[in-house]
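Below is one structure, written out as structure tokens; the observations come after it.
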Amino acid sequence: MSEKKRLNPFLEKYNTPHDTAPFDRIRMEDYEEAFLEGIRRDDEQIEKIINNPEKPTFDNTIISVDDEKDGEGYYDLLGRVSTVFFNLLSAETNDEMDALAQKMSPILTKHANDIRLNEKLFERIKYVHRHHRKLTPEEKMLLDNCYDGFVRSGALLDAAGKERLRQLTEETSILGLQFSQNLLKENKAFTLHITDEAQLDGLPDTAREAAALAAKEQEKDGWAFTLDFPSYSPFMTYSTQRELRRQMYMAKNTECIHDNEENNLEICKRLINLRRELAQLLGHKTYADYVLKHRMAGNVRNVYKLLNDLIVAYKPTAIKEVAAIEKLAKKLEGKDFKLQPWDIGFYSHKLQLQKYNLDAEMLRPYFELSKVIDGVFGLAHRLYGITFKENKDIPVYHPDVKAYEVFDKDGSYLAVFYADFHPRKGKQGGAWMTEYQSQWKERLDLKKPFSPDNCRNVRPHVSVVMNLTKPTEEKPALLTLGEVETFLHEFGHSLHGMFANTRFESLSGTNVWWDFVELPSQFMENFAIEKEFLRTFAFHYQTGEPIPDELIARIIKSRNYNVAYACLRQVSFGLLDMAYYTKKDEFTDDIIPFEKKAWKKAMVTEQLPDTCMTVQFSHIMAGGYAAGYYSYKWAEVLDADAFAVFKKHGIFDQNTAQSFRDNILSKGGTENPMALYKKFKGGEPTIDALLKRNGIKRKAS
């Protein structure tokens, strides 16, 4: 009897809990088939729209373009397979996936261009934009976004312009992908292998045990240190071996500038010029002008005002902070000692111990991962009434990943939440939130108008991916306070996704302006040092004793240790980003010296001539933050201002939390973000709360 023909899981109903992705059934060969079939279905849908003999309307054109699904089993196949594939390309890739990504990238970009540059389709959209029925505010936002999205993608260009735009976007897509793949390969290629135990001097047990486990995984004796943050950071903080710190630092800060296939220098140059040319083709002076038209900042001038205001406010303090570190280093090593970048973390830690008797290792025993998870979930419950329940029937893409069902305060199903905690071979560094399914409202009967009674609220499947300290053979995963903050940050993004409650998928969750998207995430970081929050989960992993009041007091007292230095580091990245994307003429400079000059105003330490950040700066080269990295500092003003409201009413005040949920977390991109913020706050934000939180005094004007 012949075996029943296997169906591609992307092409059939998933039949999984909450229609979650069937990771356990997906094979490598399924992706390309589903990509191509998804493109075919999209093309078929577009043909139906443009050949519709009826007059263009919001319902038969805009909603159709936005891919409103129906109650008859239709789904967005291309979106379904793209979401799984590209999420795994960051979280669990391999050589086959990398090769397929290179193959599919130009095909997918061409397909997107075919839609956005379809003249018949744009004529219908343009007609609706000018002649439409009375729309709800959300419908009007969708219409404006749809029209503007086509314009910003070249719909008004002539034939030659459209052809050039195709070339620019396809090449940008390929190079962005190559940039990321090169960076991952360089990151994973380096290992500092130690066999002499004396060279571990200064390192805490957690770092030694993790390095021993890493060596064992690599089938080596001794200890292995990598450039993944949980390995790199403790080594740079605690190792007394200055030469080994130098080796680690130089390995990290020279990624992708070596004379090999992973060199990103020319790729960066090309990406900068491709984006500049695209913006100018579309009628903008620079790529920054193109981007900032749809940002809260509004224009280049306002971005530079923010960055320069922060430099004025924070630089004097930052200079003092570095001087104090250098003073201690000279005291310990001799007056001729020259502080180098690989020394700053080491001596900064020693100074922190002197001033506050505090370091990350003292706190680790109180931040055992499972307890931190309980604490973060408990915080969400206390604020919003939601609960999390692990469901092992939901398929996952790696044994490290946990899948949870999330229930609202009334007990109804709210979302699926995936958590992927630890570094591994096929995983990019850093931390991020993503989705496997967005929220939207499905019209059940397409013959009837949309209404609360004629829809089903499709709930989201969100995921947070991090690179936190791994468990060892001796200990569970014990986190630093910084890692707890990272968890809270990404969890804030996930709440933005989970609470989404909009009609249209393209307006839901984190589909907001980039300098607003970091508000929910950075807001959550504020809880990390709040005593009332720490008391809910910070118990010693061996004794069960709660974190002592005296230790919490030291955490709070030290919260602004080197805060100005950290601020200027972020500002320097914002300056670098803007320097590249405010270029009006072709970028021909050498990347490394250009980088040093671009951020010099925010620097308070000497820069090494043979290191480079740009070539590993994924946010602005391969991510969505090109001409937008300032967003982190912009959102920091918002998050400090918003948390001040919570502090006023009580950090667990449910009325304040409900207002934050109703006015910000659930609204997505349905309204202008400043309008949403003012509904929550009652007025516009100011920088005062941030300066107060950081202990920085504003100069009298």
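The values are calculated or read from the model by the stated rules, or taken from the named source; none is laboratory data. Please read these numbers as outputs of a predicted model, since none were measured by experiment. Glycine gets a Cβ as well: all are built from the backbone with ideal geometry, and neighbour counts include every protein chain shown. SASA here: full protein model, heavy atoms, side chains in, ligands and nucleic acids out. Shrake-Rupley method; radii C 1.70, N 1.55, O 1.52, S 1.80 Å.
Mind checking which residues of segment 354-363 are under 32 Å from the mean Cα position of the chain (by Cα) and open to solvent by 40 Å² or more (accessible area, probe 1.4 Å)?
MET362
What residue, among those in segment 501-521 that are in a loop (DSSP other than H, G, I, E, B) and of a type in the set (A, V, I, L, M, F, W, C), is farthest from ALA627 (Cα to Cα)?
Out of the qualifying residues, it is PHE504.
Among the residues of segment 364-371, are any free of Cβ contacts under 8 Å to residues at least 40 places away in the same chain and surrounded by 15 or more Cβ atoms within 10 Å (Cβ to Cβ)?
no
Just wondering, is there one or more residues in segment 617-630 that are polar (S, T, N, Q), within 22 Å of the chain's Cα centre (by Cα), buried (at least 23 other Cβ atoms within 10 Å of the Cβ) and part of a helix (DSSP H, G or I)?
No, every residue in segment 617-630 fails to be polar (S, T, N, Q), within 22 Å of the chain's Cα centre (by Cα), buried (at least 23 other Cβ atoms within 10 Å of the Cβ) and part of a helix (DSSP H, G or I).
The rows are residues; the columns are (1) out of contact with any Pro (no Cβ under 8 Å at 6 or more places or on another chain); (2) among the β-branched types (Val, Ile, Thr).
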| site | (1), (2) |
| --- | --- |
| LYS596 | no, no |
| LYS601 | yes, no |
| GLN607 | yes, no |
| SER618 | yes, no |
| ALA642 | no, no |
| VAL645 | yes, yes |
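Being open to solvent by 50 Å² or more (accessible area, probe 1.4 Å), closer than 19 Å to GLY623 by Cα and out of contact with any strand residue (DSSP E or B) (no Cβ under 6 Å at 6 or more places or on another chain) is true for just one of GLU92, GLU96. Which residue is that?
Unique residue meeting the criteria: GLU92.
Could we say that LYS601 is open to solvent by 30 Å² or more (accessible area, probe 1.4 Å), over 26 Å from LEU379 (Cβ atoms), charged (D, E, K, R) and in a helix (DSSP H, G or I) here?
Yes: the conditions hold for LYS601.
Within segment 1-57, take every residue that is of a type in the set (Asp, Glu) and over 30 Å from GLU119 (Cα atoms) and give me the one that is most open to solvent (accessible area, probe 1.4 Å).
Once the filter is applied, the top-ranked residue is GLU3.
Going by what's in this entry, would ASN145 be described as under 30 Å from LYS441 (Cα atoms), within 26 Å of the chain's Cα centre (by Cα) and open to solvent by 30 Å² or more (accessible area, probe 1.4 Å)? Explain how you work it out, then say what you get.
Working: under 30 Å from LYS441 (Cα atoms): yes; within 26 Å of the chain's Cα centre (by Cα): yes; open to solvent by 30 Å² or more (accessible area, probe 1.4 Å): yes.
For ASN145, the condition - under 30 Å from LYS441 (Cα atoms), within 26 Å of the chain's Cα centre (by Cα) and open to solvent by 30 Å² or more (accessible area, probe 1.4 Å) - is met.
Check whether at least one residue in segment 636-648 is in contact with a helix residue (DSSP H, G or I) (Cβ under 6 Å, 6 or more places away or on another chain), assigned to a loop (DSSP other than H, G, I, E, B), β-branched (Val, Ile, Thr) and crowded, with 18+ Cβ neighbours inside 10 Å, and report yes or no.
no
Hand me the list of strands (runs of 3 or more DSSP E) wholly inside segment 374-448 holding 1 or more residues that are more than 23 Å from PRO520 (Cα to Cα).
Once the strands (runs of 3 or more DSSP E) in segment 374-448 are filtered for at least 1 residues that are more than 23 Å from PRO520 (Cα to Cα), what remains is 387-390, 440-443.
For residues that are in contact (Cβ under 8 Å) with a residue 24 or more places away in the chain and aliphatic (A, V, I, L, M), scanning just segment 4-35, find the one that is nearest to TYR413 (Cα to Cα).
Filtering segment 4-35 for residues that are in contact (Cβ under 8 Å) with a residue 24 or more places away in the chain and aliphatic (A, V, I, L, M), the one nearest to TYR413 (Cα to Cα) comes out as ALA21.
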